[in-house]
Every structure is written in structure tokens, then in C-alpha cells.
Amino acid sequence: SYDAYNHMLFADHYRLDWWSLWEPRWYTGFTVLSYPPLVHQVIGVLGWVMGVDSAYALISWIVLSFYPLAIYTFSRIFVGRAASSYAALGGAFLPSLFLTAHVYGQLPTLTGALFTLFGAAVTAKFLRNGKRLTGLLAIFLFANVMAAHHATLLFLPWLLGAVFLHLFLDRRLAKRQLILR
């Protein structure tokens, strides 16, 4: 696919020389710090065992398999169980996911978006109940968004703003506690 081999090159770089920040095999060299490393490093670690191509395919399969669950948990913020189940079922057949993965090879983008959906759901749960461990899990998930893909962060304020606004308009929640959280 379009970008998959670029990401496999980054992963192979981490597999071959984890601590080096310079990759000399492409365009007379460039810094690997130009792209967030999480997905590449996971593929690189698995590449020691199964090869980079197979590791890329495995991570792609895992990420795409978790999308229906992420869609379900995210949509539960706004709608009930039945509608969320239909959204998850529809999400399993979204052409955009498969195009992004198989045609464009944007595995880090998909991974960042997956963590974003789960992070928004956990953030909503934290805003509702205020438990510190839930808040820490939200921070952990958003840190993974940053480590997976840089452009996904551009959508994060808008997404979290929609979650906060939805919860703020809910009459059952105390506005003061919501704002403090």
C-alpha cells in the first residue's frame, strides 16, 4: 500500500538499531524523530520474532479488530446500547478503515484514532464519576495517541469539547463537579 513500506522501514530501523536516531538507508539519511515512534517500535520488537512484514500485518489486524469495540464505547457517551451496537456493527464494515489500512497504509493514524476513541470514552467516564484511576487511564490513552501519530492530536480538542458539552448539557450531572473535573 501507499505508506506501509515507509512505516515498515521505520520499524526495521528500530529492529536493527534501537538507539540510533539516524536512518541512513533512505534519501542519504534522515532522523527517525520526524515521526512518533510507538507503532514503529512495537512492530520493530515483534519483527525480531516474526519479521517486520508479518509484525506489520499482525498489528494492523489487532488495530482493525478493536475498532468496533472503540466505536461502541465512544458512541455509548451519546446514545444507548442498541444504537451503539449498531454503530459498532457498521464500524466493522466501514470502507474508510480498510482503505486507510490497506490502500493508504496509515497504521499509525488508525492506531492514534483508536486510542482517541477509547480515551474519549474513558474521559467521559472520569467526568461522570471522578475516580482518579479512570483519570489516569485517560491520560495514559492520550499519551499513546501522541506516541502513535502527531496529526491525530489536531482532532482531540474538538472531540473532547463535544464530549464535555454533551455531559454539561445532561441535567443529571452536577455542573460544578463536572467543571472541576
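The values are calculated or read from the model by the stated rules, or taken from the named source; none is laboratory data. What you see is a predicted model, and the numbers here were worked out from it, not measured in a lab. Don't worry about glycine lacking a Cβ; one is built from the backbone with ideal geometry, like all the others, and counts go over all protein chains shown. For accessibility, only protein heavy atoms count, side chains too; no ligands or nucleic acids. Shrake-Rupley method; radii C 1.70, N 1.55, O 1.52, S 1.80 Å.
Other residues lying with their Cβ under 14 Å from the Cβ of K175 contribute a combined charge of +4, Lys and Arg counting +1, Asp and Glu -1. The magnitude of the dipole of the chain, with charges of +1 and -1 set on the Cβ of Lys/Arg and Asp/Glu and taken from the Cα centre, is near 1340 debye. Counting only alpha carbon atoms, the long axis of helix 38-50 and the longest principal axis of the chain meet at about 50°. For the chain, the direction-averaged projected area of the alpha-carbon convex hull comes to 11.6 nm². If you run the Gaussian network model on the chain, springs between alpha carbon atoms under 10 Å, then out of G44, G80, G29 the most flexible one is G29. With the Cα gyration tensor of the stretch 100-174 giving a ≥ b ≥ c as the square roots of its eigenvalues, does the rule (a/c under 1.5 for rounded; else a/b larger than b/c for prolate; else oblate) give rounded, prolate or oblate? Cα axes put the stretch 100-174 in the prolate bin.
Taking θ as phi - 60° and the Karplus parameters 6.51, -1.76 and 1.60, the scalar couplings of the stretch 150-164 work out to 6, 6, 4, 5, 5, 8, 4, x, 5, 5, 5, x, 5, 5, 4 Hz in sequence order, x denoting glycine and proline.
Annotation: per residue accessible area for the stretch 129-181 equals 73 Å², rounded to a whole number [probe 1.4 Å, protein chains only]. When a 1.4 Å probe is rolled over the protein heavy atoms, the share of accessible surface on the stretch 1-68 that falls to carbon and sulfur comes to 68 percent.
The mean sequence separation of alpha-carbon pairs under 8 Å and at least six residues apart, normalised by the residue count of the stretch 111-155, gives a relative contact order of 48 percent. With everything on Cα atoms, drop me the angle between helix 81-92 and the longest principal axis of the chain, reported from 0 to 90° to the nearest 10. It is inclined by approximately 20 degrees. Would you mind telling me the share, in percent, of accessible area of the stretch 94-171 contributed by carbon and sulfur at probe 1.4 angstrom? Of the solvent-accessible surface of the stretch 94-171, carbon and sulfur hold 77 percent. When the convex hull of its Cα atoms is viewed from all sides, the stretch 127-169 shows a mean projected area of 3.1 nm². Under the simplified labelling scheme, the Y35-Y5 pair shows an inter-label distance of 1.3 nm, with each label point 7 Å from Cα along Cα→Cβ.
Near G51, once Lys and Arg are set to +1 and Asp and Glu to -1 for all other residues with Cβ below 15 Å from its Cβ, the sum equals -1. Here is the list for the stretch 1-79: trypsin sites (Lys or Arg not before Pro) lying in DSSP coil, each with at most 13 other C-beta atoms within 10 angstrom of its C-beta, are R25. Size estimate for the stretch 45-107 follows the Kirkwood approach: the inverse of mean 1/r over distinct Cα pairs works out to 12.8 Å.
For the stretch 13-83, the solvent-accessible area of protein heavy atoms averages 58 Å² per residue (probe radius 1.4 Å; ligands and nucleic acids excluded).
Over the C-alpha trace of the stretch 4-62, radius of gyration and Dmax come out as 10.7, 34 angstrom. Axis of helix 107-129 versus longest Cα principal axis of the chain: the two differ by about 20°, to the nearest ten degrees. Chymotrypsin sites (Phe, Trp or Tyr not before Pro) within the stretch 10-81: which are DSSP loop residues with at most 16 other Cβ atoms inside 10 Å? Answer by residue number: W18, W19, W26, Y27, F78. Helical content of the chain, expressed as a calculated mean residue ellipticity at 222 nm, amounts to -22000 deg cm²/dmol (DSSP H runs of 4 or more residues, -39,500 (n - 2.57) each, divided by residue number, nearest 500). With only the Cα atoms considered, the stretch 1-107 has a convex hull volume of 108 Å³ per residue.
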